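**Q** Take a look at this one; I'll ask things after.
The values are calculated or read from the model by the stated rules, or taken from the named source; none is laboratory data. The structure presented is a predicted model; accordingly, all values stated were derived computationally and were not measured. Virtual Cβ from ideal backbone geometry, glycine too; neighbours counted across all protein chains shown. Each accessible area value is taken on the protein alone, full model and side chains, heavy atoms only, with ligands, DNA and RNA left out. Shrake-Rupley method; radii C 1.70, N 1.55, O 1.52, S 1.80 Å.
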Amino acid sequence: MTYQISNAPNTERLQALQQWLQTTNTKLTQVNGQRKYGGPPDGWNGPDPGSNCEVFINRIPRNTYEDLLIPLFSSVGPLWEFRLMMNFSGQNRGFAYAKYGSSEVAKKAIHMLHGHMLEPGVHLLVYHSTEKKQLCIAELPVFTQEDQLLQVLRRIAEGVETLCLKAQPQRETVLAVIDFSSHHAASMAKKMLVEAFRKLYGLRISVKWYSQMQPRWDEMLFRPNNSLGLGQLPSLRHPVPTPANFCRAVRVPYAPNPHAWPVTSAASSLGNICAAIGIGAPQFEFNLNHICREGYLYFSFKVCIPGTGMVFQGQLGLLPGPTEAATMEKVQELAAQHVLRSLNPE
């Protein structure tokens with residue numbers, strides 16, 4: 001019995017591609033499921049692309065290659081980079097990215113080539129690329145430290161710039177949102193991080209594009225989830241003694257000194273507002289009330305504005321930072337944010 005492999009590459013089309021590469025001396029590089037031209041190409045003398053310079057191309061026939069696509073998209077203007085997504089069979093995956101030297105040329109490409117009939121009955125879809133640069137790594141251990149994770153990521157992936165840790169409600173893990181220098185760097189990391197963490201550290205993580213539809217981190221912190229089984233947090237008048245595992249988490253003894261806490265952006269803004277209207281510097285008080293089994297530290301806070309008699313109180317939770325100072329800096333920052341939102345709900 002003979003089976004026809006429907007996803008086998010077309011031999012004639014592959015031969016046409018090879019002939020075009022030799023004739024034009026075009027260089028393609030295959031990396032992690034995509035084939036790249038340029039970035040920039042040899043002899044590029046234009047500016048490096050800024051924002052909104054990349055277009056996303058969809059509905060590409062599976063046996064269509066760069067010998068047709070690059071000349072077509074170069075007809076609009078010089079290409080800085082062209083990336084065709086490939087599968088293991090040698091066919092393309094039906095989509096690609098073209099990047100130009102300016103956003104104006106990218107807009108022109110969309111105007112000219114969206115709906116272009118590449119083959120009878122096959123019309124390309126061409127849009128602005130979102131150029132997403134943020135990944136979300138989930139299922140990280142609850143005591144993951146931001147600075148240590150940043151060092152790990154920079155060793156195994158390119159283009160890692162910053163990251164922040166976020167809660168995973170009702171789970172004993174945290175997630176990290178990582179900012180990359182480019183969409184390309186984030187895309188490459190997305191393909192290899194799961195396997196890298198499994199091989200190097202024995203961790204099973206998940207990696208996805210970060211969605212801005214998720215709740216803001218500081219809003220999550222100001223709403224401790226009682227479904228975690230915390231019950232009623234201890235009263236402000238009777239704070240729980242500092243547990244030993246807090247010291248282990250932040251790696252230094254817990255000896256709060258309100259005069260030594262660093263001033264951060266929200267705290268600085270609150271102080272500037274109070275100074276501008278002459279009501280005195282805000283006064284912060286904190287108590288560590290509780291550490292839940294997931295590792296979150298829950299604080300009660302009180303912020304007094306001397307010249308007005310106004311007092312703001314509340315509770316907040318967060319994961320410990322790399323040091324005591326960093327943790328208390330975050331506590332002060334979150335308390336100041338709470339006061340600013342109360343003063344200006346909009």
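**Q** Can you find a residue that is modelled with pLDDT under 90, under 15 Å from Cys53 (Cβ atoms) and touching a Gly at 6+ places or on another chain (Cβ under 9 Å) anywhere in the stretch 133-143?
**A** The answer is yes, given that some residue of the stretch 133-143 is modelled with pLDDT under 90, under 15 Å from Cys53 (Cβ atoms) and touching a Gly at 6+ places or on another chain (Cβ under 9 Å).
**Q** A further question follows. Please go through the stretch 54-70 and give me each residue that is under 18 Å from Gly101 (Cβ atoms) and surrounded by fewer than 17 Cβ atoms within 10 Å (Cβ to Cβ), ordered by number.
**A** Listed by number, the list holds a single entry, Phe56.
**Q** Could you tell me how many of the residues in the stretch 257-273 are open to solvent by 70 Å² or more (accessible area, probe 1.4 Å) and at pLDDT 85 or above?
**A** So the count comes out to 0.
**Q** Please indicate, with yes or no, whether at least one residue in the stretch 54-66 is in contact (Cβ under 8 Å) with a residue 60 or more places away in the chain, in a strand (DSSP E or B) and out of contact with any helix residue (DSSP H, G or I) (no Cβ under 9 Å at 6 or more places or on another chain).
**A** Yes, the conditions are met somewhere in the stretch 54-66.
**Q** Also, I was wondering about something else. Tell me the residue from Gln332, Gln283 that is at pLDDT 85 or above and under 30 Å from Leu140 (Cβ atoms), please.
**A** Gln332
**Q** Just to verify a result, which residue in the stretch 127-162, among those that are in a loop (DSSP other than H, G, I, E, B) and among the charged types (D, E, K, R), is nearest to the chain's Cα centre (by Cα)?
**A** In this case the residue turns out to be Lys133.
**Q** Condition first: out of contact with any Lys or Arg (no Cβ under 7 Å at 6 or more places or on another chain), open to solvent by less than 30 Å² (accessible area, probe 1.4 Å), modelled with pLDDT under 90 and within 19 Å of Ser51 (Cβ to Cβ). Can you find one or more residues in the stretch 163-175 that meet it?
**A** Looking for residues that are out of contact with any Lys or Arg (no Cβ under 7 Å at 6 or more places or on another chain), open to solvent by less than 30 Å² (accessible area, probe 1.4 Å), modelled with pLDDT under 90 and within 19 Å of Ser51 (Cβ to Cβ), one finds none in the stretch 163-175, hence no.
**Q** For the stretch 92-104, name all the residues that are open to solvent by 40 Å² or more (accessible area, probe 1.4 Å) and either in contact with a His (Cβ under 7 Å, 6 or more places away or on another chain) or more than 20 Å from Leu28 (Cβ to Cβ) (or both).
**A** The answer is Glu104, and nothing else.
**Q** Here's something else I'd like to know. Sort through Ser129, Ser89, Ser51, Ser74 and tell me the only one that's open to solvent by 30 Å² or more (accessible area, probe 1.4 Å) and more than 27 Å from Thr23 (Cβ to Cβ).
**A** Ser51
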